[in-house]
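Sharing a structure, written as structure tokens. Questions coming.
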Amino acid sequence: MLSFRASLALSLFAVLAAASAFASRTHHTTAAGRTHSLHKGAPAKVSHRLHGQQAIDPERVTQIQQALIRTHYLTSDANGKWDATTEAAMQKYQADQGWQTKLMPDSRALLKLGLGPDYSTAINAKDSTFGSPPPVTTIPAPLVNGFTAAAGVSR
């Protein structure tokens, strides 16, 4: 006759063995009612979709090349092709600015090269002026004094 501890250990071993046998294949039902079988040995289907912009538009490459030529980082002609020479020039420009060098141009680099977004066709850009602010001499004296007092600056 088995002792109580021996029978408890045997029962526990049987439960664990049965649990691992059932765990190798699990069935899940999706909201659509389909049943999927998950098995450790089955190869997983992976979808390799490319996301985001994959290449730079040739017109944009020409603009970047022209900007790199203006800043003396590129000596060849602007041909609209993102080739090794253009890529190396852009990486050098970004490295000189202290930015990471990536295969694609960094947005900060494009802005610094003067190739930022063009808002001239924006809805609210028709009547706006982007000129310099008026000179200080055209601001009325009481207004200047109020600004000075509010800023805590003594003249």
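Coordinate-derived values only; no laboratory data. Just so we're clear, the structure is a prediction, and the values are computed from it rather than from any experiment. A quick note on method: Cβ atoms are made from the backbone with ideal geometry, for glycine too, and the neighbour counts reach across all protein chains shown.
Given the Cα-Cα distance of Ser76 and Ser11 and 0.36 nm per residue of separation, how much length would full extension add, in nm?
15.4 nm
Taking 30 Å as R0, compute the FRET efficiency from the Cβ-Cβ separation of Ala95 and Asp57 and round it to 0.05.
Working: r = 24 Å, r/R0 = 0.82.
E(calc), rounded to 0.05, equals 0.75.
In addition: Put a dot 7 Å past each Cα toward the Cβ at Ser132 and Lys45; how far apart are the dots in nm?
Roughly 6.6 nm, to one decimal.
Out of Ala78, Trp99, Gln66, whose Cα points farthest toward the positive end of the dipole of region 58-112 (charges: +1 Lys, Arg; -1 Asp, Glu; placed on Cβ)?
Looking along the dipole axis, the top candidate is Trp99.
Can you compute the modelled spin-label distance between Met104 and Ile123, with each label point 7 Å from Cα toward Cβ, in nm?
For the pair Met104/Ile123, the computed spacing is 2.8 nm.
Working out 0.36 nm times the residue gap between Glu87 and Ile139, then minus their Cα-Cα distance, what length gain in nm do you get to one decimal? Please list the in-between numbers first.
Values: separation 52, 0.36 × 52 = 18.72 nm, distance 4.95 nm.
Result for the pair: 13.8 nm of gain on full extension.
Rank the residues Tyr73, Tyr119 as a footprinting-exposure proxy: fewest other Cβ atoms within 10 Å of their Cβ go first. Could you put the intermediate results ahead of the total?
Working: Tyr73 19, Tyr119 11.
Going from least to most buried by this count: Tyr119, Tyr73.
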